[in-house]
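The block underneath contains the structure these notes are about, expressed in structure tokens.
The values are calculated or read from the model by the stated rules, or taken from the named source; none is laboratory data. Everything quoted here is computed from the prediction, not taken from an experiment. Virtual Cβ from ideal backbone geometry, glycine too; neighbours counted across all protein chains shown. Heavy atoms of the whole protein, side chains included, go into the accessibility calculation; ligands, DNA and RNA do not. Shrake-Rupley method; radii C 1.70, N 1.55, O 1.52, S 1.80 Å.
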Amino acid sequence: MSGVFIDAGVLGKRLEQIYRSWTDKAEGFKAGEGGAAADALAIATGKSTEDLRYMKSIALDIWLFAYELPETLLVLRKDRKVHVVTGKTKAKLVGATVADVKEKHGVEVIVHVRAKGTTGEEHFEEVLDAVAKSAGPDKVANLGWLPKDKHEGAFFEAWNQSVDKRAAGGKIAKCDASMGFAAILAVKSSDEQTNSKKAAFLSAQAMVKYVIPQLETIIDEEKNVKHSTLSSLVEDRILEPSKLEVRLKRDKVNACYAPIVQSGGKYDLKITAQSNDDVIKYDTIVVSLGARYASYCSNLGRTIIVDPTKEQEKQYAAVLKAQEAAMAALAPGNKMSEPFKAAVKSLQDSGQSALVSKFANKYVGFGMGLEFKESSSNLSEKNERLVEEGMVFCVSISLAGIENGDKSTGQPSAYAMQVTDTVLVRAKGAGAGGSSHEVLTDAPKQWKDVTYVLNEEEEEEEEDKENASRRGRRGDGKGEEVLGKRSSALRDRQDRTAEDEQTEAQRREKQDELTRKANEETIRILTQNKQSGAGDKTKEVKDPVAYPSPADIPHSSKDALIKVDGRAETVLLPIYGVSVPFHISVIKNVTNSQDNEHSFVRIIFHSPSAMNVLRDTVLVQRHIREAFVKEISFRCTDLRHANRIVQEIKTMRRLVQQRESEKLERATLVKQEKLVQGRGRVPILHDVWIRPTLGGRGKKMTGTLEAHTNGFRYHSPKGEKLDVMYGNIKHAFFQPAEKEMICLIHFHLYNDIMVGKKKSKEVQLYTEVMDVVQTLDAGRRNAYDPDEIEDEQRERERRNRVNAEYNSYVKKVTDLWERDHAEKKLEFDIPFRELGFPGVPHKTTSFLLPTVYALVDLIETPFFVLTLSEVAVVNLERVGFGLKNFDMVFVFKDFEREPHRVDAIPSNVVEQVKEWLNSVNLKYYENKMNLVWKPILKTIKEDPQGFIEGGGWEFLNMEASEDEDEEEESEEFEPSASESESEEEDDDESDFDEDEEDSEEEEEEEEDSEEGKTWEELEAEARNADRRKGRDEDEEEDRRSRQKRRRR
């Protein structure tokens, strides 16, 4: 149970809450009405099973400890002492909380460790003796228990036998404490409400982004899909929240039940219903699903109607009103019977009294939480309990057996309707629109959102005719029957257009708000930079010293040879019979050329450049007024010695330059803290490669990645080590191998670290999930080749195994971060493949993947990681020219940083990119050309006030500027009366018959052939003819439209 711990603060508070409720609401802990109150409360769990079970004892375990503790007994005594009987491992977890719970909350937790292989009977007797003693002498102790919870295993049976034995002897009396515990669990704290909201959000996303599109595809393409098949697909999608674009931890997500899909006249609206193996029918389809997050439940149900009748439209409207009435009655202080009565009254007021008898259940909802259905909180007609703020309910109007009065339709003879939502009770007036409730499952349920039209039998109005023709339907315009052609899109296109327009309007509204925020943020940053602007301080470079004094020169000055002193990094040159030392850093280059029996060694020194002073080294610029030796040449008769000297000088120069470069890079590094190695077992990931490589010689080998107290450590079998501190991690990414050949963990750092001999802000650990092989026969292989199938199966198994290992490692590290480094807010970001698009961030085309906090490409090198919070605005360039690609430029809030351009993004994803930018709150603009950003940013930095007065970033809004230009042109041009009259005369004259036009053209051709006109004249006549022809066509079209309007 590595990484598992129990929060002592939460445990103490919730134990206090039980004791407080035990005293203030004692009715729930009494043996019937007027009975004696319980002296102790027992919560027992049995053996763990893989089946999903909803029991109050399991819910209480999760509520107190955040985990289900199998085979554990919890007994609370009235004197604020709690006995816990459990196994060794769980006892260690509970024991770690004993001191804090007693010190801060005044509750003493007594842990009894059950030996392995025993049922713990001796501990049961000890606990029961303590309960009897606390009740008082000569008094029968009342033990509150949960009679409806039936667990499996010898532990649970042994506990019941011990209690029954004492009860038979008259020493203990049992009383039902279910209602008391239910009242405690019913009101949710703020943390519990957050978990319920996350579960409800996941349910809504599953319905909107998977169930509805799947049903549309099934109906549109006439697929034969079973109810049970779609149910399994939906459940799998709920268990993978990232595929629904929901950022929730996968290990905390589960399904409340197997999603229920029903159609074809067979409906069971009980919560215990299951999807059958019948094929989905295109009539009335009822879908319900529920997601859990951190064991907190949610529920959502919708009715999808294909080719609905008018009566169904009225009934569905009444059902929506009834649900709204039930929700409105969920106000603090109201009885739980009022939502049921409000729903019934709403149906009657809507003229649908017949539907009252069609309720599939005796309630219109129930309480939810750690249990899917809290039976004590049913919204039934007779429940007199009061609604309280913080409760969570499932509000469901479920009607079954509704008779179909129109037998001519495709609807079954009897159908059902169900609309279900998860609702949180708020304080009065705290909800939307001043209500006292908040709907957590935000999924569309209006009539136009849940109905689909496949066939239209008749056209009622002229407008319906035109709408039908736009949808590709054919008719004669006289109200005759239209061919029953199935539409390629299930929704009415007009509704789709309206939705698209609404979405675009919402996007524009949000972009307007982002414009204001971007301008405010930019002026704030520019103002701060101007106030705090200070020049960068460059590090002083010292002059090199070959030898401190002439006495330190090791060689004789009489041998007249060029010599290299590696220790002093100096070259000794014989000049006029004297060995003169030159430090290697002043030598720019050395060459060697041969001529017959002689070798010429040419040494070139650093000296001032006549062309570009900026290219000179720091030492040259410092001594610019001094006299320089530009080069020296030597003639040598020993060819071998000359070659050796030149090679030694070049080698020394390369090593010194490399060392100085590393020193310069290290000088700019931020000092990192030292790694504190974790005690005991730490999360380890084996057999991983690293990028960038650590360098070194020899064969590259895989290493291990360990997560310690304050950082990661990677080490290879060759002894190479690399530490990455948690405090230096800006982004951590986990990308499973789906369509790539590697599964990876990637760290994007705040400050550079030395990886091998180079600085880097990127560190990646990865494992290849398949081997790169080459087919030697170079021929086609059969798709059913056993070897090919075996290879694919082996690769699939390896991919799944590697992904599972990385996923497990990420979970362990995440638990470590949450426990010990919560203030750093570290988490692994998983890219959304569904939102990805191709582009060129550097020099090659990559597939860019958005994440919650960044845009990344972690496969190709160099890696691309762009933090979205550092971006001021985004400019989409080369959009609207009909080109296949467009460019996207990210302008950063730090104007000293050059904007980053992503080139060659396909134009067919421009709307997807816009929607993504809008969803991450980035202001974007569109342009038809590429902009040169360096002078633009320079102008903004020099005149921030002028930038704001000019509208801020709105200078990028080309649409607004084009509209202004058009207005100016329309104001400048006002035709005179004579011009308009002459145009009308020209229009009248332009109406002539085609025969006359043909005759005139023939005459013109004869004249042209006789006179022999020039090419310029012929081209001018052709342009005039084209102009007349275009004007005639426009006038003819206008004339026809006027006649059509007169006929109407």
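On the basis of being surrounded by 12 or more Cβ atoms within 10 Å (Cβ to Cβ), at pLDDT below 85 and over 21 Å from Gly719 (Cα atoms), does Arg615 make the cut? No.
Output the residues belonging to region 228-253 that are over 21 Å from Lys281 (Cα atoms) and buried (at least 19 other Cβ atoms within 10 Å of the Cβ).
Kept after step one, since they are over 21 Å from Lys281 (Cα atoms), are these residues of region 228-253: 236-253.
Within region 228-253, Arg237, Ile238, Pro241, Leu244, Val246, Val253 meet the criteria.
Summed over region 37-67, residues that are of a type outside the set (Gly, Ala, Ser), part of a loop (DSSP other than H, G, I, E, B) and free of Cβ contacts under 8 Å to residues at least 40 places away in the same chain total 3. Here Val279 meets the list (1) open to solvent by 10 Å² or more (accessible area, probe 1.4 Å); (2) touching a residue at least 40 places away in the same chain (Cβ under 8 Å); (3) within 17 Å of Gln418 (Cα to Cα); (4) among the β-branched types (Val, Ile, Thr) almost entirely, failing just condition (3). Identify all residues within region 106-150 that are of a type in the set (Ser, Thr, Tyr) and either in contact with a Leu (Cβ under 7 Å, 6 or more places away or on another chain) or within 27 Å of Met179 (Cα to Cα) (or both); write none if there are none. Passing the criteria: only Ser134. The listed residues are Glu896, Glu911, Glu870, Glu860, and the only one of them that is of a type outside the set (Ser, Thr, Tyr) and under 18 Å from Thr515 (Cα atoms) turns out to be Glu870. Of the numbered criteria (1) open to solvent by less than 10 Å² (accessible area, probe 1.4 Å); (2) part of a loop (DSSP other than H, G, I, E, B); (3) more than 19 Å from Glu192 (Cβ to Cβ), the one Ala416 fails is (2).
Of the residues screened, Gly711 is not one that is within 22 Å of Leu826 (Cβ to Cβ), more than 32 Å from the chain's Cα centre (by Cα) and either among the small types (Gly, Ala, Ser) or surrounded by 19 or more Cβ atoms within 10 Å (Cβ to Cβ) (or both). Taken over region 77-89, the criterion of being touching a residue at least 40 places away in the same chain (Cβ under 8 Å) and either surrounded by 22 or more Cβ atoms within 10 Å (Cβ to Cβ) or not in a strand (DSSP E or B) (or both) is satisfied by Lys78, Asp79, Arg80, Val82, His83, Val85, Thr89. Looking across Lys174, Lys198, Lys209, Lys150, one residue alone is within 22 Å of Leu60 (Cβ to Cβ), open to solvent by 50 Å² or more (accessible area, probe 1.4 Å) and part of a helix (DSSP H, G or I). It is Lys198. Within region 798-833, if we keep just the residues that are in a loop (DSSP other than H, G, I, E, B) and open to solvent by 50 Å² or more (accessible area, probe 1.4 Å), the residue that is nearest to Glu706 (Cα to Cα) turns out to be Glu827. Scanning region 890-935 for residues that are open to solvent by 50 Å² or more (accessible area, probe 1.4 Å), touching a residue at least 24 places away in the same chain (Cβ under 8 Å) and either of a type in the set (Gly, Ala, Ser) or at positive phi (or both) yields a count of 1. Ala325 meets each of the listed conditions (1) crowded, with 17+ Cβ neighbours inside 10 Å; (2) part of a loop (DSSP other than H, G, I, E, B) apart from (2). For beta carbons closer than 9 Å, sequence separation of 6+ or different chains, a first residue in region 10-28 that is polar (S, T, N, Q) and a second that is open to solvent by 20 Å² or more (accessible area, probe 1.4 Å) and modelled with pLDDT of 90 or more, the qualifying pairs are Ser21/Ala183.
Got a number for residues in region 369-380 being within 15 Å of Met327 (Cα to Cα) and assigned to a loop (DSSP other than H, G, I, E, B)?
Step one: list which residues in region 369-380 are within 15 Å of Met327 (Cα to Cα), which gives 377-380.
Among the residues that remain, those that are also assigned to a loop (DSSP other than H, G, I, E, B) are: 378-379.
Residues in region 369-380 being within 15 Å of Met327 (Cα to Cα) and assigned to a loop (DSSP other than H, G, I, E, B): 2 in total.
Go through the residues of region 834-852 one by one and say whether even a single one is without any contact (Cβ under 8 Å) to a residue 40 or more places away in the chain, among the aliphatic types (A, V, I, L, M) and exposed (fewer than 15 other Cβ atoms within 10 Å of the Cβ). For region 834-852, residues without any contact (Cβ under 8 Å) to a residue 40 or more places away in the chain, among the aliphatic types (A, V, I, L, M) and exposed (fewer than 15 other Cβ atoms within 10 Å of the Cβ): absent. Filtered by the rule that a residue be in contact (Cβ under 8 Å) with a residue 24 or more places away in the chain and within 25 Å of Lys281 (Cβ to Cβ), region 324-364 gives Gln352, Leu355, Lys358, Phe359, Ala360, Asn361. Take the residues of region 254-274 that are part of a loop (DSSP other than H, G, I, E, B) and crowded, with 22+ Cβ neighbours inside 10 Å: which is farthest from the chain's Cα centre (by Cα)? Checking each candidate, the answer is Tyr267. Is it the case that some residue within region 868-879 is over 26 Å from Ser760 (Cα atoms), open to solvent by 10 Å² or more (accessible area, probe 1.4 Å) and part of a loop (DSSP other than H, G, I, E, B)? Checked against the condition, which is being over 26 Å from Ser760 (Cα atoms), open to solvent by 10 Å² or more (accessible area, probe 1.4 Å) and part of a loop (DSSP other than H, G, I, E, B), region 868-879 yields at least one hit.
Take Ala534 and decide whether it is under 28 Å from Glu954 (Cα atoms) and either at pLDDT below 75 or outside any strand (DSSP E or B) (or both). So that I can check it myself, show each step before the final result.
Details: under 28 Å from Glu954 (Cα atoms): no; either at pLDDT below 75 or outside any strand (DSSP E or B) (or both): yes.
So Ala534 fails the test.
Taking (1) open to solvent by 60 Å² or more (accessible area, probe 1.4 Å); (2) closer than 12 Å to Phe181 by Cα; (3) within 44 Å of the chain's Cα centre (by Cα) in turn, Lys13 satisfies each apart from (2). The residue of region 90-109 that is farthest from the chain's Cα centre (by Cα), among those that are open to solvent by less than 70 Å² (accessible area, probe 1.4 Å) and of a type in the set (Asp, Glu), is Glu108.
Look through Ser295, Ser353 and report the one residue that is over 39 Å from the mean Cα position of the chain (by Cα) and more than 22 Å from Val387 (Cα to Cα).
On the way: Ser295 fails: over 39 Å from the mean Cα position of the chain (by Cα).
Sole residue among the options that is over 39 Å from the mean Cα position of the chain (by Cα) and more than 22 Å from Val387 (Cα to Cα): Ser353.
Within region 645-670, residues that are part of a helix (DSSP H, G or I) sit with their Cβ atoms under 7 Å from residues that are open to solvent by 70 Å² or more (accessible area, probe 1.4 Å) and modelled with pLDDT under 80, at 6+ positions apart or across chains, in these pairs: Glu662/Lys757; Ala667/Lys539. The residue list Gly401, Gly429, Gly433 contains one member that is open to solvent by 10 Å² or more (accessible area, probe 1.4 Å), in a loop (DSSP other than H, G, I, E, B), at pLDDT 60 or above and of a type in the set (Gly, Ala, Ser), which is Gly429.
Could you list all residues from region 587-603 that are open to solvent by 40 Å² or more (accessible area, probe 1.4 Å) and in contact with a Ser or Thr (Cβ under 9 Å, 6 or more places away or on another chain)? Full working, then the answer.
Start the filter on region 587-603 by keeping residues that are open to solvent by 40 Å² or more (accessible area, probe 1.4 Å), which leaves 588-589, 591-598, 600, 602.
Correct list: Lys588, Asn592, Ser593, Glu597, His598, Phe600, Arg602.
Of these, Glu311, Glu384, Glu388, which one is in contact (Cβ under 8 Å) with a residue 24 or more places away in the chain, open to solvent by 40 Å² or more (accessible area, probe 1.4 Å) and either within 20 Å of Pro444 (Cα to Cα) or assigned to a helix (DSSP H, G or I) (or both)?
Working: Glu384 fails: either within 20 Å of Pro444 (Cα to Cα) or assigned to a helix (DSSP H, G or I) (or both); Glu388 fails: either within 20 Å of Pro444 (Cα to Cα) or assigned to a helix (DSSP H, G or I) (or both).
After ruling out the rest, the residue left standing is Glu311.
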